[in-house]
1. What's the local net charge at Thr46, with K and R +1, D and E -1, over the other residues with C-beta under 10 Å away?
2. Aspartates and glutamates within cross-link reach of Lys230: Cα-Cα under 14 Å, excluding same-chain residues under 8 positions apart?
3. Taking the Cα centre of the stretch 134-264 as origin, sum charge times position over the Cβ atoms of Lys and Arg (+1) and Asp and Glu (-1), and report the length of that vector in debye to the nearest 20.
4. Determine, for each peptide in 37-48, 218-229, 98-109, the mean count of other beta carbons within 10 angstrom over its residues, then list the peptides with the highest first.
5. What part of the accessible area of the stretch 25-167, given as a whole %, is carbon or sulfur when the probe is 1.4 angstrom?
6. Need one value: the accessible area of Lys72 in square angstrom, 1.4 angstrom probe, rounded to the nearest 10.
Amino acid sequence: MKKNILAISSVLIFCVQLSYSQISEKIGLYVSGGGTMPVESIVGKTFEFPQLSRDTDSDFFTEVLGREADSKNIQNYWKTGFNVGGGLRYDINSILAVSADFNYNLFRFDANQLAGDVGNTLQEIPIDPNMNIPYNPDGLTISQGSLNIYEFSVNVRAQFPLERIRPYILGGAGYMRVNQDVISLSYYDDFNIPPLPQQGNVSFYDQIPAATYDAVMLNAGAGLAVKLSKNLQPFVQVSYVLGLTEGNDTILYPVKFGFLFTLK
């Protein structure tokens with residue numbers, strides 16, 4: 001009886017080791033990083049200025065600053081960002097693979113763009129019919145406003161298994177989370193215009209509220225991997241990412257450079 005149990009246990013252990021070996025040979029781990037271009041989004045389409053809109057009895061963004069509500073405003077108000085990511089890939093065969101992927105994108109707010117809009121507007125405010133208020137750019141402070149976009153997706157990948165150079169295409173779906181930080185702006189300036197006693201000051205403070213969006217995400221891409229060794233493949237990839245955010249879709253163009261590590 002003990003011999004039978006020992007024999008069965010040995011067979012089970014051998015089968016588990018064989019299965020693990022076969023599965024591990026098909027699993028790869030990748031890490032990547034690169035740049036991401038923002039193309040369109042509900043973020044930045046228009047800005048809400050709660051206090052300034054109340055004080056001017058208008059939509060401050062469109063009526064005072066003279067800007068249009070446009071989903072492509074994200075290109076003007078956020079700089080090209082960077083991305084980092086990683087994931088697991090499972091090779092079904094030499095051509096097809098599936099992967100579970102995570103990517104993080106960070107875009108810094110371009111304060112100079114909003115500062116230019118505000119400065120142009122302030123210079124057009126008249127003191128009297130012959131003179132406008134002087135604008136002091138050092139009196140304007142704009143801070144915060146970073147845009148963070150997280151992506152979780154499952155993708156199918158088809159590659160052309162050449163000897164060393166391996167072009168591939170991929171596509172899939174998942175979840176996107178978009179976080180826009182609050183944007184704070186303040187202005188204060190004393191002015192004294194000689195020779196007439198044209199004195200006074202201009203000051204204001206406001207905060208563009210933060211915003212968060214959750215969305216279904218679709219993506220597609222193409223890339224090129226190079227088999228340097230049995231376990232290492234550097235790659236470059238360009239992608240199209242579509243987040244179905246309510247109001248307007250969020251569209252990104254990421255470019256990634258990375259390394260795939262395999263166990264086989």
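The values are calculated or read from the model by the stated rules, or taken from the named source; none is laboratory data. It should be emphasised that the depicted structure is a prediction, and the values quoted were computed from it without experimental measurement. Positions of Cβ are backbone-derived with ideal geometry, glycine not excepted, and every protein chain shown enters the neighbour counts. Areas reflect the complete protein model, heavy atoms only, side chains present, ligands, DNA and RNA absent. Shrake-Rupley method; radii C 1.70, N 1.55, O 1.52, S 1.80 Å.
1. Working: positive: Lys45, Arg67; negative: Glu48, Asp59, Glu68, Asp70.
The answer is -2.
2. Glu25, Glu163
3. Details: 8 positive and 10 negative charges, 283 e Å.
Once rounded to the nearest 20, the dipole reads 1360 debye.
4. Working: 37-48: 20.6, 218-229: 15.8, 98-109: 18.7.
With the highest mean Cβ count within 10 Å placed first, the list reads 37-48, 98-109, 218-229.
5. Details: 3990 of 7410 Å².
Of all accessible area on the stretch 25-167, carbon and sulfur atoms account for 54 percent.
6. Surface accessible to solvent at Lys72 totals approximately 100 Å².
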